[in-house]
1. Tell me the carbon and sulfur percent of the accessible area for the stretch 10-108, rounded to whole percent, probe radius 1.4 Å.
2. At a threshold of 8 angstrom on Cα-Cα distance, excluding pairs fewer than six apart, so keeping six or more, what relative contact order does the stretch 1-146 reach in percent?
3. With a ≥ b ≥ c taken as the square roots of the eigenvalues of the C-alpha gyration tensor of the chain, please select rounded if a/c is under 1.5 and otherwise prolate if a/b is larger than b/c or oblate if it is not?
4. How much length would be gained if the chain were fully extended between SER211 and VAL58, taking 0.36 nm per residue of separation minus their Cα-Cα distance, in nm to one decimal?
5. Looking at the chain, do any whole DSSP H helices span at least 18 angstrom along their long axis by alpha carbon and average 0.5 or above on Kyte-Doolittle, and which?
6. Relative contact order for the chain: what percent, with Cα pairs under 8 Å and sequence separation of 6 or more?
7. Given the protein chains as shown and a 1.4 Å probe, how many square angstrom of VAL35 are accessible, to the nearest 10?
8. Specify the residue with the greatest mean-square fluctuation among VAL16, VAL108, VAL66, computed from a Gaussian network of the chain linking alpha-carbon atoms under 10 Å apart.
Amino acid sequence: MEQGLRRRLWSAVFIVGFFVLWEAFCWAFHISDIVLPKPSQIIVTLVTRMPALWPHTVQTLYTTLVGFALGILAGVALGVIVGSSRLAYDVAYPLLIGFASIPKVAVVPIFVLWFGSGAVPAILTAMIMSLFPIVVNVATGLATTEPELEDVMKALRASKLDILWNVGLPRTMPYFFASLKVAVTLAFVGTVISETVASNRGIGNVMMIASSNFDVPLVFAGLIILAIMGVALYAVFSLIEARITGWAHRKDEFAMG
């Protein structure tokens, strides 16, 4: 307990120190606000413009969470299919890798053509950005399930569905939650990409307009908002992971010692 508190304290010190050094660097070398604004300026921008930024923040968070939820549903379904069938693995995996290799900014205009501008392209972009890591991790978790556990279930005359539900999916949980922490950050990236191209609301749209007006402190304020939301959701999934899959992780004192 004391060791964990000390580690968190040092983490906070380093984070605060980073922003202090950033502020001192800008003052010492007279860095222009257009090149790199000071953290104090970014904070002032956040405070003074938050009433105007708040609706855009809510919009970005909403579209990201909806797209992320759809990505979870589709990713788990595809991951179960790919991880449970060798034929599905051979067919789907190359397609998934090829699709993941396509820059998602090139897909946004297609979504705009199909669904028009607005929230739908942002939701779909967030979904496809978060899809791949979930599929890969769920499929990997199923593929690495111990054969001994499956043999025991087969000896008890369990069906394939019983084996999947009682052995495969529980053993996949550590991989699944690890993928969620990565996928949620990618979902924010997808939302912002779409908002800069095909939306008149959202933090991405605010950042694009601010950059065209050379309002760099506002651009960095948008980045800070995105970072805060990403870290908050990452922390939420870390807490859920610790609650559900604590059995799969070694204790800190054992791992450190």
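The values are calculated or read from the model by the stated rules, or taken from the named source; none is laboratory data. Computed from a predicted structure; not experimentally measured. In this analysis, Cβ positions are derived from the backbone assuming ideal geometry, glycine residues included, and neighbour counts consider all displayed protein chains. Note: accessible area is taken over every heavy atom of the protein model, side chains too, but ligands, DNA and RNA are not part of it. Shrake-Rupley method; radii C 1.70, N 1.55, O 1.52, S 1.80 Å.
1. 81
2. Relative contact order here is 30 percent.
3. The shape class here is oblate.
4. Working: separation 153, 0.36 × 153 = 55.08 nm, distance 2.08 nm.
Difference between extended and current length: 53.0 nm.
5. Span-like helices, by this rule, are 2-28, 39-84, 86-100, 119-143, 169-198, 216-244.
6. Value for the chain: 25 percent.
7. Surface open to solvent at VAL35 totals about 110 Å².
8. VAL16
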